[in-house]
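Read the structure below first, then the notes.
The values are calculated or read from the model by the stated rules, or taken from the named source; none is laboratory data. Treat the numbers as computed from the prediction; the structure is a model and nothing was measured. Glycine also receives a Cβ, built like all others from the backbone with ideal geometry; neighbour counts cover every protein chain displayed. Accessible surface areas use protein heavy atoms only, side chains included; no ligands, DNA or RNA. Shrake-Rupley method; radii C 1.70, N 1.55, O 1.52, S 1.80 Å.
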Amino acid sequence: MYWFKNKILRFFEYRKSNFPRKKGGKKSLFRLSLSSLSDLKNPQNLNPNSNSESLRLPPRPLLAMAELKLSESKDLTRIERIGAHSHIRGLGLDSTLEPRLVSEGMVGQTAARKAAGVILQMIKEGKIAGRAVLLAGQPGTGKTAIAMGMAKSLGLETPFAMIAGSELFSLEMSKTEALMQAFRKAIGVRIKEDTEVIEGEVVEVQIDRPAVTGAASKTGKLTLKTTEMETVYDLGAKMIEALGKEKVQSGDIIAIDKASGKITKLGRSFSRSRDYDAMGPQTKFVQCPDGELQKRKEVVHCVTLHEIDVINSRTQGFLALFTGDTGEIRAEVREQIDTKVAEWREEGKAEIVPGVLFIDEVHMLDIECFSFLNRALENEMAPILVVATNRGITTIRGTTYKSPHGIPIDLLDRLLIISTQPYTEQEIRQILDIRCQEEEVDMSEEAKGLLTKIGVDTSLRYAINLITSGSLACLKRKGKTVELEDINRVYHLFLDVKRSTQYLMEFQNQYMFNNEDGEEDEVTAMQT
């Protein structure tokens, strides 16, 4: 009897899989195979021109900025350390590019922020490229903060590369090659491609687990439907794992990228809006897709020229981006890539996105680097160069000549110079309020007033460093609010530049290699 029952069940399964039946005169049921991610179409390159495979690009799952235009980005929980500029959210400008007094973490420097906003607007509109901007000002006047605000305001699609001038002399490559790679990192390529997507409402998810552990891999079936058709897919172990990670269940609207197997949950079907399932307030309801399940969607990939350079110059391809084994790239490779990208631009399959390259401590560059920057800015695919320095009239590195900011006159003539001014006492108080909020430190008004005076007498950076130190001193005495005594304690524990210089001048005879007959101007400079 048991044998007869199994035979009947196998007969009906065979009939169901090989003889599809119509439902309601409109929907048709047919069977496809979607066994695993490896069974899906997986192109080795993302070349928009299918007839040419001479240029390799990163595989679609590894493109950080590639996403379907039919979905919203998933919110991810990020753990970020509190840095010196982690409170910066933008430039703090309104719709007319007028700077607000306190906005998006920015305080003061209204003229400099307005000038940076004008540059930013031209970058977004694509009306400026191959230009250079100099942020010049005393130490601690917010030059790097303005550059960070520009980076946050540009968004993710516009490349923003940041290096320090001293980095070029510590890399295992030539200085000009390091600068060229930095330039290529700041130039993006937006590639448009049509891809096949399976989009529909989940009717049922069946997962068959083996009776014996380790005997066989898990298999299953996924039933998707639209307003006009319904389909059953066979699932392999990798697809089952992907469905489990996205927590796909019956009633969800999902999209599957056939090339990569990426599953995107678009929301819940409106037909399940009255269900009594546990749903959060952020649950999004969408309509059941119409038409066929398999559709063609336009996907936009954003990569940088440097990423394409590395992939096409190394045998391990895109893995070199993760291992850091970039090395020096031959000029012939870059010329071929530029030619191919130019062809894509003419065909309308790609467009160039000029980004921003920010070089801090630009006075650390030598005359060879400055000569290279002069030539690189004349390239048709040059990014916007933003440099910053806190030096006055000083010697150009590699020469005996002096120049403003340590930059040659011919390069200074190319720069749009934005000057920053020292912060006022009120602005220092507002910055300290923002930093206390950012570092989650509860401080009394009297303690903030003392910290503001310390910032005026010493420096803003020193006052900001005392916030966390005062919080630890407060925890030591088991308090909840930082008071005057906590600030006073850490002020005497940690010296500022002026007091440290005074101490050295008094006890320099007790130090090794002291220079008693040093120049007086150097001592005066340190005191000021």
At least 2 residues that are out of contact with any Phe, Trp or Tyr (no Cβ under 6 Å at 6 or more places or on another chain) and open to solvent by 10 Å² or more (accessible area, probe 1.4 Å) in each: list the strands (runs of 3 or more DSSP E) lying fully within region 357-411 that qualify.
393-395, 402-404
Determine the pairs where a residue that is assigned by the TED database to the domain that holds residue 267 and of a type in the set (S, T, N, Q), located within region 283-295, has a partner that is surrounded by 12 or more Cβ atoms within 10 Å (Cβ to Cβ) and in a strand (DSSP E or B) with Cβ atoms under 7 Å apart, the partner being 6 or more residues away or on another chain.
283/268; 294/196; 294/198
Please go through region 107-116 and give me each residue that is crowded, with 22+ Cβ neighbours inside 10 Å, in a helix (DSSP H, G or I) and not basic (Lys, Arg), ordered by number.
112, 116
Residue 163 meets each of (1) open to solvent by less than 50 Å² (accessible area, probe 1.4 Å); (2) assigned to a strand (DSSP E or B); (3) over 19 Å from residue 328 (Cβ atoms) with one exception, condition (3)
Six or more apart or on different chains, Cβ atoms under 9 Å: show the pairs whose first residue is in region 459-485 and aromatic (Phe, Trp, Tyr) and whose second is open to solvent by 40 Å² or more (accessible area, probe 1.4 Å) and assigned to a helix (DSSP H, G or I).
462/497
Identify the residue in region 86-120 that is polar (S, T, N, Q) and out of contact with any Pro (no Cβ under 6 Å at 6 or more places or on another chain) and, among all such residues, is farthest from residue 436 (Cα to Cα).
96
Can you pull out every residue in region 327-356 that is in contact with a strand residue (DSSP E or B) (Cβ under 7 Å, 6 or more places away or on another chain), in a helix (DSSP H, G or I) and open to solvent by less than 20 Å² (accessible area, probe 1.4 Å)?
341, 344
As an exercise: evaluate residue 429 against (1) at pLDDT 90 or above; (2) assigned by the TED database to the domain that holds residue 111; (3) of a type in the set (D, E, K, R) and give the number of the one condition it does not meet.
(2)
Which helices (runs of 4 or more DSSP H) does region 421-513 wholly contain that include 2 or more residues that are of a type in the set (S, T, N, Q)?
425-438, 460-476, 497-507
Got a number for residues in region 90-106 being more than 24 Å from the chain's Cα centre (by Cα) and crowded, with 16+ Cβ neighbours inside 10 Å?
1
Residues located in region 121-151, provided they are open to solvent by 40 Å² or more (accessible area, probe 1.4 Å) and either touching a Pro at 6+ places or on another chain (Cβ under 9 Å) or within 13 Å of residue 358 (Cα to Cα) (or both):
126, 129, 131, 138, 148
